[in-house]
Structures are given as C-alpha cells and as structure tokens.
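The values are calculated or read from the model by the stated rules, or taken from the named source; none is laboratory data. This structure is a prediction, so every number in the text was calculated from the model and none was measured. Cβ sites come from the backbone with ideal geometry, for glycine too, and all protein chains shown count toward neighbours. In case anyone asks, the SASA skips ligands and DNA or RNA and just uses the protein heavy atoms, side chains included. Shrake-Rupley method; radii C 1.70, N 1.55, O 1.52, S 1.80 Å.
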Amino acid sequence: MPINSFKDDETHVEKNKRETLLRLFRYLLAYKKEIAGVLLVMIFVLVISLVNPLIMESAIDNYIAVSDYPGLFRLLGIALALNLLVILAVKVRMYVMAKVCNNILVTIRQELYTHIQTLDFHFFDSRPTGKILSRIIGDINSLKDVLSNCVTTLIPDFLTVIAVTAIMFIKNPALAAASLFSIPFMACGIFFIEIKAHPMWQTFRKKASNLNAFIHEDMSGMRIIQSFTAEEETESTFDELLKEHRGSFLDAVRLSDAFGSVIDFCWGLGTISLYFTGIMILGTDQVSLGTFIAFGTYISMFWQPINNLSNFYNQIITNIAGAERIFEILDTESGIRDTEDVSEIPVIKGEVTFDHVSFSYDENTKVLNDVSFRITPGETIALVGPTGAGKTTVVNLISRFYDVQDGTVSIDGYDVKRVSIESLRRQMGIMTQDNFLFSGTIKDNIRYGKLDATDEEIIAAAKAVNAHEFIMKLENGYDTELSERGGGLSIGQKQLLAFARTMVSMPKILILDEATSSIDTKTELLVQSGIEKLLKGRTSFVIAHRLSTIQKADRIFVVDDGRIIEEGTAAELLERKGVYYHLYMAQFAV
C-alpha cells in the first residue's frame with residue numbers, strides 16, 4: 001500500500017495562540033456557579049497554605065523557644081483541623097472540575113460532530129476519514145487537562161505567587177529580593193523553549209492523525225489486504241508511520257521536559273541566594289530561626305506554583321495544537337449551505353430542468369459542459385456512458401451535493417440554490433452502488449429512510465422490493481441485528497435492504513446510481529419488479545452500466561465528455577445505430 005498518501009501532513013493555518021485559548025476558555029462561562037464554588041474552595045486552601053508557615057514560625061519562636069507546650073499543642077490542633085479541611089476541600093474541587101471538564105469536552109465533541117455533518121462533499125473528498133476521527137476523539141481529549149488546570153492551577157497558583165511575594169517583602173525585603181533574583185533567567189529559558197516546542201507539537205498531532213487515518217483505512221480494507229496477501233507491505237507502512245509518530249513525540253517531549261529543568265535550576269539558585277544572604281550578609285543575629293524556616297517554606301511555596309504554572313504553560317504548548325485543529329474545522333464553512341433568503345420548496349411534482357449547466361470539481365477541468373434538458377414529472381430518465389463522463393455529477397447537482405459554476409438547476413421552476421437543502425433532499429430518494437448499512441436491526445436500517453415510519457410501512461416497503469421473504473428467513477426477522485456494513489448478509493441482500501430503505505421514504509424524485517451493479521442476475525430478476533414499483537409515478541434518474549435494467553426508461557441520455565450526445569428511447573437509439581447501439585451490442589451480441 002502506498003505510504004505517501006498517509007505521510008502527507010494536513011495543511012495548518014497558524015492561529016494566534018491567545019485567541020485560541022480565549023475561545024477555549026469561553027466554554028467555562030457556561031459553568032459560572034461551579035467555577036465560582038471551586039474558586040472559593042481554592043481561596044480557602046490558599047489562605048490555609050499561606051498561614052501554615054506563619055503557624056510554624058510562631059510555634060518555634062513563641063512556644064518552643066519558651067517551652068510553652070500546652071500552647072504549642074493547641075496551636076498544632078488548630079493547624080491539624082484546618083489542614084484536614086484543606087484535604088476535603090481539594091477532593092471537592094477535583095470532583096467538581098472533573099465533572100465540568102468532561103461536560104465541556106462532550107459539548108465540544110457534539111459541536112464538532114454536528115458541524116462536520118453540515119460540510120459538503122469537498123471536505124470529505126479532501127481528507128481520509130481517519131484524520132477526521134483524530135480530531136473528534138484524540139484532539140478533543142487532549143484539552144481536558146488544559147481546561148481543568150486553567151481553573152485549578154492558573155488562578156490559585158498565580159494568586160499564591162503574588163501573596164507569597166507580598167508576604168516575603170513585608171517580612172524581609174532583602175531576603176525576598178535574594179530569593180527571587182533568578183526569575184529573569186527563568187523567563188528567558190521558558191520563552192526560548194516555547195518558541196521551539198510549539199511547532200514540534202503541531203508536527204506530532206499531524207503524525208498522530210496520519211497514523212490514525214492509516215489504521216482506519218487498513219481495518220476497513222482488511223478483506224482486500226488478505227485477499228492479495230499484502231500483510232507484509234501494510235505492516236511495513238504501519239511501522240514507518242509508527243516510527244514517525246514516535247519520533248515526533250520524542251522530539252517534542254524532550255524539549256518540553258526542559259521546562260522542569262529550567263524551573264529547578266532557578267529554584268536552586270533562589271534557595272542558595274536566600275541562605276547566603278541571610279547567613280553571610282545579614283547575619284543570624286538579624287534573622288531569627290523561625291524567620292529562616294518560614295522563608296524556606298515560602299520560597300518553596302513560591303517556586304512550586306511557578307513550577308505548576310510552567311507545567312500548565314507546557315500543557316498549553318503541547319495541546320493548543322489540538323485546539324487549533326478543532327477550531328479549524330469548526331471555522332470551515334460548507335460550500336453548500338442555505339443562504340438567508342432561501343425558502344421551503346413545496347411538495348415536488350418532479351419537473352427537473354438543466355439550463356446551460358457547466359460544472360468542474362477543480363475549477364479547471366469541466367465535468368459538465370453547457371448541458372441543458374427538461375424532465376417532465378413522472379418521467380424515468382436513464383443515464384449511460386463511459387466512466388467519468390459526468391453521469392453521477394448530473395444527479396449530484398440535482399440533489400445539490402455540489403453547486404454549479406454556470407447555468408441553473410431547477411425543480412418545478414425553483415432554483416435549487418434558492419430553496420432550503422433540507423426541504424429539497426427530504427423529498428428525494430438516493431440509492432447508490434455503496435449499499436451502506438448501519439449497525440443495528442434490519443428494521444432500524446429500513447426506517448432510516450423515514451425516521452417516523454411505522455412497522456407496517458417498513459414491511460410494505462420490504463415487500464415492494466422483494467426483500468421481505470429473505471428477511472423472514474433470518475432468525476429474528478426484522479429485529480435481526482446487523483454488524484457494521486451489514487456483515488453476514490450477501491451483497492444482493494444488502495442491496496435489497498437499501499432498496500427498501502429508499503422505498504419507505506416515498507420520494508418525489510428518485511435517483512438510482514448504479515443501484516443494481518452489485519446484484520447477481522437471479523437477484524436482479526427479483527428486484528426488477530420492485531424497481532418498477534419504486535419508479536412508478538415519480539421522476540426518476542437511473543444510472544446503469546447494465547443496459548438490461550433501463551429498457552423501459554422513458555428516455556435514455558447518452559453522456560460522454562460532459563455532454564449529452566444522444567437522447568431517446570431504447571428502441572429509437574438502437575435504430576440510430578450510434579453510441580448507444582454500440583454499447584448495447586457490446587453487452588448483448590453473441
């Protein structure tokens with residue numbers, strides 16, 4: 001299997017990290033009460049943490065120094081009670097924030113999934129499914145710690161740093177300045193690491209996406225891989241992608257781990273400076289033992305939050321790439337969407353008009369070139385021609401899966417661009433050669449064509465396309481559970497279920513795109529009568545390479561090179577002995 005398609009990284013538009021973070025943190029605003037409660041709890045914890053060194057200083061200087069042990073025990077009892085409350089408060093904080101963050105992740109995942117369903121086919125044509133899954137699952141999961149620590153780390157640790165700094169300067173400015181002199185070194189080190197680390201984490205996210213895309217496609221195509229004994233080749237591809245994924249992670253994490261080393265180094269410098277200043281410069285006669293111990297505790301209380309903040313900053317650098325990738329999709333607008341002035345199309349009669357329609361997928365090569373025709377309600381139109389001629393494009397434009405570059409596609413006189421997509425597609429039945437079935441019961445799969453269909457309507461639809469008989473032979477009939485893509489059913493059976501799903505929706509316009517291509521001759525005979533019932537009374541477009549399936553069509557369009565080069569009934573086209581005649585003879589001549 002070629003590896004290049006998976007090694008190609010997704011393009012990335014560089015975003016302002018501050019805007020990305022603010023956008024992410026706005027999700028917290030929906031939980032103002034919970035956040036306010038957590039902040040109150042953390043303020044209580046912070047106050048007790050700041051008081052602890054003062055209690056220690058008082059215990060040494062005011063009680064131990066004068067041998068006041070009863071007073072010491074009372075003080076320690078109070079300290080113990082307060083710190084037990086701190087432990088309880090921390091557990092409450094962790095529970096509330098875990099719940100809030102999980103809810104936010106669910107919200108973001110729902111928003112992303114809902115938005116992806118609105119995007120047009122160009123979006124899905126341009127990237128593997130695995131890369132989309134990577135954003136919905138992996139990238140969103142990476143945001144949990146950032147959201148949680150925004151409240152539990154950023155705010156309290158920032159307040160702790162300010163409070164500790166103020167207390168230290170109030171108690172002894174000289175010792176405070178000595179303890180904090182290494183901060184500029186820390187700032188320079190972190191700034192340098194951040195510049196280098198962010199691009200590396202972006203690369204890691206892309207490599208993870210590549211690996212996920214390969215695994216998804218590999219699992220989906222396992223039958224083909226085993227059929228062609230290509231296991232070794234796919235394993236080699238997997239190994240190479242895995243090495244790239246691992247290498248990009250190690251490159252990023254080695255640099256990110258330097259955050260801790262920088263903090264520890266500056267912390268050590270500050271501690272040495274504290275004791276050097278206190279002992280060698282100020283002298284022990286000016287600084288009491290209790291003050292020394294208190295400052296030793298305060299310097300730890302200062303640098304530990306700095307370490308936490310640097311780790312939080314590291315998390316941001318590590319995971320902001322995931323947030324950028326999520327918001328990039330959320331900001332992707334569908335090329336096919338309703339404008340503000342669209343209206344609901346009324347019940348369709350079935351007149352379809354192409355007025356000088358031209359279309360190109362890449363804005364360079366024209367797939368359709370100045371195509372015009374008019375279909376009257378109830379007509380069955382067959383589209384035939386070589387692969388790539390533009391047959392499927394015609395029906396995609398009717399369904400508005402793509403928009404024309406030139407000309408107009410209209411239904412009952414309504415330009416399809418001027419009516420809502422939902423009201424248009426709701427009245428269409430589209431059947432493709434990819435007879436995709438979902439995990440669930442047979443009944444649920446047929447009901448997918450009409451979500452409010454009754455059991456009677458489902459059974460009637462199955463009978464109409466001759467699917468009822470084989471369904472009833474299954475162990476649980478219509479309640480038979482299907483695995484992904486209808487595993488366990490034959491190709492013909494899956495096709496019949498797809499016909500029933502289309503039939504139950506009772507569409508006004510029916511599109512069958514190679515809908516019988518996967519059915520064997522025996523099954524085709526069974527389903528032909530069902531198709532005739534499906535076509536009766538509604539405008540239908542049938543794309544088929546099997547010319548036997550379209551002999552009763554009202555008109556046949558022969559499409560080639562983006563144009564309709566022949567038009568007529570089957571008998572008329574055979575009489576002309578043109579392109580259709582030669583296609584027919586190639587299939588049926590003995």
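Starting from the Cα of F44, step 7 Å toward the Cβ, then list every residue of the range 96-137 with an amide N under 11 Å from that point.
Nothing falls inside the zone, counting backbone N under 11 Å.
Over the chain, what percent of the accessible surface lies on carbon and sulfur atoms, probe 1.4 Å? Can you show the working numbers first?
On the way: 17520 of 29800 Å².
Carbon and sulfur: 59 percent of the exposed surface of the chain.
FRET efficiency for I137 and D452, Cβ-Cβ distance as r, R0 = 41 Å, nearest 0.05?
Rounded to the nearest 0.05, the efficiency is 0.85.
Name the lysines eligible as straight-distance cross-link partners of K33: C-alpha to C-alpha under 18 Å, and not fewer than 8 places from it in the same chain.
List returned: K91, K99.
How big is the accessible area of K131 in square angstrom, nearest 10, if you roll a 1.4 angstrom probe over the protein chains?
Ignoring ligands and nucleic acids, K131 comes out at about 10 Å².
So with the 1.4 Å probe, I'd like the accessible area per residue for the range 65-131, rounded to whole Å². Don't jump to the answer; show the numbers that get you there.
Numbers: 4150 Å² over 67 residues.
Dividing the accessible area of the range 65-131 by its residue count gives 62 Å².
Which of the lysines could a cross-linker span from K206 if the Cα-Cα distance has to be under 19 Å and same-chain partners fewer than 8 positions apart are dropped?
K7, K15, K17, K131, K196, K243
At T376 and D68, where each label point lies 7 Å from the Cα along Cα→Cβ, what is the point-to-point distance in nanometres?
11.0 nm
Once you put a point 7 Å from the Cα of K32 and another 7 Å from the Cα of E572, both along the Cβ direction, what distance in nm separates them?
Calculated label separation equals 7.0 nm.
If amide hydrogens are placed 1.01 Å from N in the peptide plane, which non-local residues have theirs closer than 5 Å to the one on G385?
Result for G385 returns V559.
If I histogram all Cα-Cα distances within the range 155-206 using bins 10 Å wide from 0, what percent of pairs lands in each bin?
20, 31, 27, 15, 6, 0
How large is the accessible surface per residue of the range 375-519, computed with a 1.4 Å probe and reported in Å² as a whole number?
Working: 5960 Å² over 145 residues.
On a per-residue basis, 41 Å².
Kindly flag which residue pairs out of K366/K577; K473/K494; K349/K391; K450/K508 have an alpha-carbon separation exceeding 19 Å in this structure.
Details: K366/K577 28 Å; K473/K494 15 Å; K349/K391 23 Å; K450/K508 13 Å.
Beyond 19 Å between Cα atoms: K366/K577; K349/K391.
Per DSSP H run of at least 4 residues, take -39500 (n - 2.57); add these up for the chain, divide by its residues and hand me the 222 nm value, nearest 500 deg cm²/dmol.
Values: 23 runs with 343 residues, N = 590.
Computed ellipticity for the chain at 222 nm equals -19000 deg cm²/dmol.
The chain: longest stretch without exposed GluC sites (Glu not before Pro) (DSSP loop, at most 13 other Cβ within 10 Å), sites themselves excluded?
Answer - 15-332.
Starting at the first residue of the range 297-303, write each ³J(HN,Hα) from the Karplus equation 6.51 cos²θ - 1.76 cosθ + 1.60 with θ = phi - 60°, in whole Hz, x for Gly and Pro.
Result, rounded to whole Hz: 5, 5, 5, 5, 5, 7, 6.
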